[in-house]
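Written below as structure tokens is the structure these notes are about.
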Amino acid sequence: MIDPIFPTLGNVDMIPIDFIPPIRRIQLKVCEEYGVTLQAMLSRRQGPRLIEARREAMNRARLTKASYPEIGRAFERHHTTVMSACNALARRK
């Protein structure tokens, strides 16, 4: 798969995992699990599957100890969107 955000990386399946930023690895893994593309996850589209995948990826990204603003930049969103996504998942559990 060619990374749409970092096309200079080329085929990310051929790159050693250590060279891919942690949040990007999470995004790619969640995309695979939910059957969505990275481009769709980072888009403004609002389908239920995309929203769920995006929330899950943002929540997992918090486990990297990245700040809300850092995660927001990785998802092309405001940090309060990340906070809302993490809170929504916490309420459901």
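Some observations on this one:
- Length gained when the stretch L89-A40 is fully extended (0.36 nm per residue, less Cα-Cα span): 15.6 nm
- Available extension along the chain between T64 and E33 is 9.3 nm, counting 0.36 nm per residue and deducting the alpha carbon span.
Each value in this text was obtained by applying a stated rule to the coordinates, not by laboratory testing. Just so it is clear, the structure is predicted and the values come from calculations on it, not from any experiment.
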